[in-house]
Structures are given as structure tokens and as C-alpha cells.
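The values are calculated or read from the model by the stated rules, or taken from the named source; none is laboratory data. Values in this document were obtained by computation on a predicted structure and should not be read as measured data. Note: ideal-geometry Cβ built from the backbone for every residue, glycine included; neighbour counts use all protein chains shown. Accessible surface areas use protein heavy atoms only, side chains included; no ligands, DNA or RNA. Shrake-Rupley method; radii C 1.70, N 1.55, O 1.52, S 1.80 Å.
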Amino acid sequence: MAKEQIQVLNALDVAKTQWYHFTAIVIAGMGFFTDAYDLFCISLVTKLLGRIYYHVDGSPKPGSLPPNVAAAVNGVAFCGTLSGQLFFGWLGDKMGRKKVYGMTLMMMVICSVGSGLSFGHSAKSVMATLCFFRFWLGFGIGGDYPLSATIMSEYSNKKTRGAFIAAVFAMQGFGILAGGIFAIIVSASFNSRYTAPAYEVDPAGSTVVQADYIWRIIVMVGALPAALTYYWRMKMPETARYTALVAKNMKQAAADMSKVLQVEIQAEPQSEDPAKPKPYGLFSKEFLTRHGLHLLGTSSTWFLLDIAFYSQNLFQKDIFSAIGWIPPAKTMNAIEEVYKIARAQTLIALCSTVPGYWFTVAFIDKIGRFAIQLMGFFFMTVFMFALAIPYDHWTHKDNRIGFVVMYSLTFFFANFGPNATTFVVPAEIFPARFRSTCHGISSASGKLGAIVGSFGFLYLAQNKDKSKADAGYPAGIGVKNSLIVLGVVNILGFFFTFLVPEAKGRSLEEMSGENEEDVGTGEESEQSHPHNNKTVPYV
């Protein structure tokens, strides 16, 4: 028989939606707003960096970052994020969520400013400094994934927990949008103040000296929302679940949550039972029996999703150019190009990225995580194949709008689907003492998928004819075949979703089996609660 839930945790589970829930969403969400701004703003200025630091006299095209430099500038933050997810995820379970939460934010503030102050006498030294700060920026961002998800899940009631965690993640959409809007404002201001001819008219004069300030301002502004949130993060009490279940301080947990919930919660007496079995460890046989398939499910689905999600960005430049949102580079000056790229990315974010996130927030506690994730992978597969199989049809000028609509729908169902649910579920199904670590492992798997999607497909999607491939790249399998491969990746994601349990309407302790842990281990606890390890959704 399962033990009764601790009173303070039950109070959190049944609490009505209150002001502190929204405060927690904003405090945790502003971290994700900053994460998205910092990770995605670099794509707005990479063309500008190429023009400034890699200009070649007499070239018919503006300067561009060499493939290895472009990969480093864009990818180093992903490597940092992956490392940070594993390290801070583990640290969050060892030291507590709150103590580590401030560290990640300060790292993001310092490294955002450092990125904008990248110095050096040569292009190589500026790029090396930028990459150094981008790596550590990513490291701080990585910590925000497991900590924000875990803190929000442990603060929430069980009725609306999914929506609250998804709302934190949905702030990413606003971060991407803010990055685009800010880049539009900055580039438009500079372009009106420092007029310059197009590259084809005057190659050297098309990039004014002041353009160097634009990318620095854009990357540094990412420090502002993080800095503004720091004070409020430090004021948040440690989560009751960490204090009660991991730190074993019932009195402190009750006192903290009495203030937060504004109700009197009696601290339960702490009883030390010498006969009580020692809690099982991470990756122990007991852990693998109870949660091994769950961890495989959350890690594999996030890995597969991010391969598909991040590889879609590769097709943006072709799509934007095809529909005329971004004219040929030689017809614009450097600042104008930043403006056009920012405008195009802002439109995509506004029309498909942001709405997809908030559809998840609206429906996750109504139809469940499992259904949304399956639906998302299914429609991503459908639209990938619909783009790939008749690919030649979409390349004709008359059909370009249809291509953009299909492309936008793929993004929409990624966000109203696995891009949100893969973030939510790992914060709900593991025991409190491993929750942050397991979320870190799952999200790091996702970031590994992002690296494969961004860079593997950058090479894979090149034209089969080497003479038509981008400068510096070998021949690939072409865009059509790359889209077919991505469709197969989505099918795999669909099937691996069946390893992930449904957490809708259930307490964290019920999902993780912590209510049963003290009753017995092994066969005894399975008999007392036989559905504990069920990995398919509850109907």
C-alpha cells in the first residue's frame, strides 16, 4: 500500500492557480526568453560578420564566413549548452535548484556582454574571442533548461502543471521574436544615419565602419532581461519538493510554502526509520527497472526532434530568397542585409513559431502530453514528405507561396508538438533527487540532435554536383533527399514516443513512484502499485 503524500506537497498539488504561479512563470520564463534571444540572434548577424571580416577585393559577391568559421560561430554555443545541461542538471540535484539558478543567470549576463566586446587585431582573433564567450554563454543557457523546468514543475499544482511548464518554454518564441524586432530597429536606425551604396555599386563602400557596432549591440542586449530577472530569482525560496524529499527538511519546506501559498501548513514530524531501505541511486538496477525506458524515451524523442527542428533552418535562406523576402546579397549594402534577414525571421516567428508554443500551453492539460507529441511528429512527417516528394514542383515560381505555407506548418506542429512536450515531460516523471539530472540528460540529447541537424545536414543538403555546392563544401545528397531523411527521423520520433508515460492530472510523486519507495523495493513495491512502470498513456 502506498504511503500518504506529505502534507506540504499535497497542498501544492491541490492549490488553486495563484499570483505566485504567474510570478514563477515570468521569473523562469525570462531566462528562456534570454536563452532564445542569445542562441538565435547570432544567425541575424553572421552575414554581416562575413562582410566586415572576410571581405575579398574584386570578388563578385560580398565576403562570407568560411565554412569552418561559420560552423564554429554558430555551433560553439550548442556545445556549451550541451555541457551546461549535464553539469547544472547534476548540480541542481546536489546543491538545490535555487543556489544553482543564480549562477546560470550571471554567466549568461557576463558572457552576453563579453560576446559583444570581442576584440582582436585580425578576423581570426575576433572570431576566436567571440567563440570563447559564446561557448560559456551556451554553458549558462544549458543550466537554465533543467533548472527552469524542474522549478516550475515543483511549484505547480497537478491540474495545470503542464501549461505552466510549457508557458516557461513558450517564452522562447518571444525571445526569438524580440531578437528579430530589435535587429530591425537597430539596422533601420543605422541605415538611415549611415547611408551606403549596394555591394555591386561600391564593394568596399557598401560596408560602413559603423556596421561593426550593429552586431555587437545586438548580441550584448541579451544581457538585459537576464540581469533584470536576477534579483527575483534570488528571492524565490527553494522548492518544497527539493527541501522535503531531497534535503529532508520538512520544517523548512512547510515554512517556505506557507509564505508562498499564504496558508498555514503544519510541518510533519521527521521520523528516521532504521529499517527503511536505502534509496536507490541513479543508473542503479532499481532505477533502470523503474525509469530506464522513460529516460530512453525522453532522450531519444528530444534527440530526434532537434535533428528535424534545427535542420529546418538550413532551408530558410533558400525559401526567403525564393519568395523575394531577401534579395541577392550583392544588390544590398551590409546594414540593409541585416534588416532584410531580421524581417524575414521575425515574420516566420510571428506566423508559426510563437502560435505553436501557445497552442501547446492551451491544450496540454486538456488532451495530454502524449497525444500532442504523437500528433506533432505525425504532422511533421506528413509535411516533410509533402515538401520532399514533389520537391521539383515547389521550386517553380508559381508554387513558392505553397512551399512557404507547408514549411510554416512544419514549424507550427514542431512547437504545437514535440518541441514543447519533450521539455515538459522529463520534469514530471523522475524522482525529485534525480529530476534535474534526468532533465539535463534528456535536454543534452536534444542539443546533440541540434548539432547533428545544424551541421550534419549543412553538408548533407549540398547539391549532388560539387560545382553547384556552396563554396568550401563537398557535394551532398541534395535538399530533396535531405527532406526525405528528415521525414524518416520524424517517424522514429513518433514510435519512440510510446516509451514516454502520460503525466496529465497526476502528482509528481505518483509519476515518479516516490509515494511507494518507502513501502518496499523490487517485487514488493511493484505488487503494491503495479502500474508504476507502465510506459504507455493512461486512458
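Condition (residue is modelled with pLDDT under 85, surrounded by fewer than 17 Cβ atoms within 10 Å (Cβ to Cβ) and within 24 Å of Val100 (Cα to Cα)) applied to the stretch 261-276: is it met by at least one residue? Looking for residues that are modelled with pLDDT under 85, surrounded by fewer than 17 Cβ atoms within 10 Å (Cβ to Cβ) and within 24 Å of Val100 (Cα to Cα), one finds none in the stretch 261-276, hence no.
Filtered by the rule that a residue be of a type in the set (Ser, Thr, Tyr) and either touching a strand residue (DSSP E or B) at 6+ places or on another chain (Cβ under 6 Å) or surrounded by 24 or more Cβ atoms within 10 Å (Cβ to Cβ) (or both), the stretch 167-197 gives a lone residue, Ser187. Across the stretch 371-384, the number of residues qualifying as of a type outside the set (A, V, I, L, M) and over 19 Å from the mean Cα position of the chain (by Cα) comes to 4. The set of residues from the stretch 341-373 being surrounded by fewer than 24 Cβ atoms within 10 Å (Cβ to Cβ), part of a helix (DSSP H, G or I) and touching a Pro at 6+ places or on another chain (Cβ under 9 Å) comprises Phe370, Ala371. Could you look through the stretch 279-291, keep only residues that are open to solvent by 20 Å² or more (accessible area, probe 1.4 Å) and part of a helix (DSSP H, G or I), and pick out the one that is nearest to Val452 (Cα to Cα)? Among those that are open to solvent by 20 Å² or more (accessible area, probe 1.4 Å) and part of a helix (DSSP H, G or I), it is Leu288. Residues in the stretch 65-82 that are under 29 Å from Leu295 (Cα atoms) and either among the hydrophobic types (A, V, I, L, M, F, W, C) or under 14 Å from the mean Cα position of the chain (by Cα) (or both): Val76, Ala77, Phe78, Cys79, Gly80, Thr81, Leu82.
The residues in the stretch 383-403 that are part of a helix (DSSP H, G or I) and at pLDDT 85 or above can be counted, and the count is 6. Return the residue satisfying two criteria in turn: it lies in the stretch 215-260 and is at pLDDT below 90, small (Gly, Ala, Ser) and surrounded by 20 or more Cβ atoms within 10 Å (Cβ to Cβ), and of such residues it is farthest from the chain's Cα centre (by Cα). Looking at residues that are at pLDDT below 90, small (Gly, Ala, Ser) and surrounded by 20 or more Cβ atoms within 10 Å (Cβ to Cβ), I get Ala254. On the given criteria, is Ser115 more than 22 Å from the chain's Cα centre (by Cα) and either closer than 18 Å to Ser153 by Cβ or not aliphatic (A, V, I, L, M) (or both)? It is false that Ser115 is more than 22 Å from the chain's Cα centre (by Cα) and either closer than 18 Å to Ser153 by Cβ or not aliphatic (A, V, I, L, M) (or both).
Annotation: Ser125 fulfils all but one of (1) open to solvent by less than 50 Å² (accessible area, probe 1.4 Å); (2) touching a helix residue (DSSP H, G or I) at 6+ places or on another chain (Cβ under 7 Å); the unmet one is (2).
Condition (residue is farther than 18 Å from Phe164 by Cα, under 19 Å from the mean Cα position of the chain (by Cα), in a helix (DSSP H, G or I) and not acidic (Asp, Glu)) applied to the stretch 473-483: is it met by at least one residue? No; the residues of the stretch 473-483 include none that is farther than 18 Å from Phe164 by Cα, under 19 Å from the mean Cα position of the chain (by Cα), in a helix (DSSP H, G or I) and not acidic (Asp, Glu).
Here is a yes/no grid of residues against (1) in contact with a helix residue (DSSP H, G or I) (Cβ under 6 Å, 6 or more places away or on another chain); (2) in a helix (DSSP H, G or I); (3) without any contact (Cβ under 8 Å) to a residue 24 or more places away in the chain; (4) surrounded by 22 or more Cβ atoms within 10 Å (Cβ to Cβ):
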position	(1), (2), (3), (4)
Ala77	yes, yes, no, yes
Gly80	yes, yes, no, yes
Phe88	yes, yes, no, yes
Gly92	yes, yes, no, yes
Gly102	yes, yes, no, no
Met106	no, yes, no, no
Ser112	yes, yes, no, yes
Ser118	yes, no, no, no
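If we keep just the residues of the stretch 25-57 that are without any contact (Cβ under 8 Å) to a residue 40 or more places away in the chain and either in contact with a helix residue (DSSP H, G or I) (Cβ under 7 Å, 6 or more places away or on another chain) or in a loop (DSSP other than H, G, I, E, B) (or both), which is farthest from Lys330 (Cα to Cα)? Across the stretch 25-57, the extreme among qualifying residues is Thr46.
Of the residues examined, Lys98 is not one that is of a type in the set (D, E, K, R), touching a residue at least 12 places away in the same chain (Cβ under 8 Å) and not in a helix (DSSP H, G or I).
Restricting to the stretch 301-340, give me the number of residues that are in contact with a Gly (Cβ under 9 Å, 6 or more places away or on another chain) and either at pLDDT 80 or above or surrounded by fewer than 17 Cβ atoms within 10 Å (Cβ to Cβ) (or both). The qualifying residues number 12.
Restricting attention to the stretch 3-22, the residues that are of a type outside the set (Asp, Glu) and open to solvent by 50 Å² or more (accessible area, probe 1.4 Å) total 9. Of all residues in the stretch 429-466, which are of a type in the set (A, V, I, L, M) and more than 16 Å from the chain's Cα centre (by Cα)? Passing the criteria: Ile429, Ala432, Leu458, Leu460, Ala461. Within the stretch 123-144, residues that are free of Cβ contacts under 8 Å to residues at least 24 places away in the same chain reach partners that are outside any helix (DSSP H, G or I) and open to solvent by 10 Å² or more (accessible area, probe 1.4 Å) with beta carbons closer than 8 Å, at six or more positions or on different chains, in the pairs Ser125/Phe119; Ala128/Gly120; Thr129/Phe119; Thr129/Gly120. For Gly96, state whether it is touching a Phe, Trp or Tyr at 6+ places or on another chain (Cβ under 7 Å) and either at pLDDT below 90 or on the phi > 0 side of the Ramachandran plot (or both). It is true that Gly96 is touching a Phe, Trp or Tyr at 6+ places or on another chain (Cβ under 7 Å) and either at pLDDT below 90 or on the phi > 0 side of the Ramachandran plot (or both). Phe496 meets each of the listed conditions (1) open to solvent by 30 Å² or more (accessible area, probe 1.4 Å); (2) free of Cβ contacts under 8 Å to residues at least 40 places away in the same chain apart from (2). When Ile441, Ile389 are checked against the criterion of being over 15 Å from Val479 (Cα atoms), open to solvent by 10 Å² or more (accessible area, probe 1.4 Å) and of a type outside the set (Phe, Trp, Tyr), Ile441 stands alone in meeting it. Quick check: anything in the stretch 157-175 among the hydroxyl-bearing types (Ser, Thr, Tyr) and farther than 23 Å from Ala450 by Cβ? Yes: one or more hits. Checking Gly368, Gly356 one by one, the residue that is touching a residue at least 12 places away in the same chain (Cβ under 8 Å) and either at positive phi or among the acidic types (Asp, Glu) (or both) is Gly368 and no other.
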